[in-house]
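This report concerns only the one structure given below.
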């Protein structure tokens, strides 16, 4: 024969919740017994000592990090010197120094360019001076006394010294 049973879809969940409540009640009773015997005080003390040791380690590590980051060299190398409270008032001076660096670099390259141009013009002047000396030598060859006498003889002109001595001008 067919037995009619009451069907409850939440039955498994209710049984699980009841088991969890029972487990919680057992844990509470067990902890109450431990507290009465004094075992919990030892565990609490050990936990507090462990927490204190961990806190000291964290504080020591933080202090070491702060000391390292407080070093002026570290701040300079890492760039954190720019975000310090005291450094923000000097930003305009840093910008001025950066501008001066830029101007000095521009002036350096301008001076180098002008120096190269001066060296090139100086070599050209030396070449022109040498050419000038050669042309003077050529001119002297054509205008020397013997060359003048030769030219005058070719044209039939007689060269003579003046009869009257020249006047000395004082």
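Out of all the residues in region 143-170, which are part of a helix (DSSP H, G or I) and either in contact with a strand residue (DSSP E or B) (Cβ under 6 Å, 6 or more places away or on another chain) or loosely packed, with under 10 Cβ neighbours inside 10 Å (or both)? Walk me through it before giving the result.
Kept after step one, since they are part of a helix (DSSP H, G or I), are these residues of region 143-170: 143, 145-155.
Passing the criteria: 145, 146, 154, 155.
Being more than 30 Å from residue 35 (Cα to Cα) and loosely packed, with under 11 Cβ neighbours inside 10 Å is true for just one of 87, 60, 46, 53. Which residue is that?
60
All of the numbers you see were taken from the coordinates with simple rules; none came from a lab. What you see is a predicted model, and the numbers here were worked out from it, not measured in a lab. For neighbour counting, all protein chains shown are included, and Cβ atoms are generated from backbone atoms with ideal geometry for every residue, glycine included.
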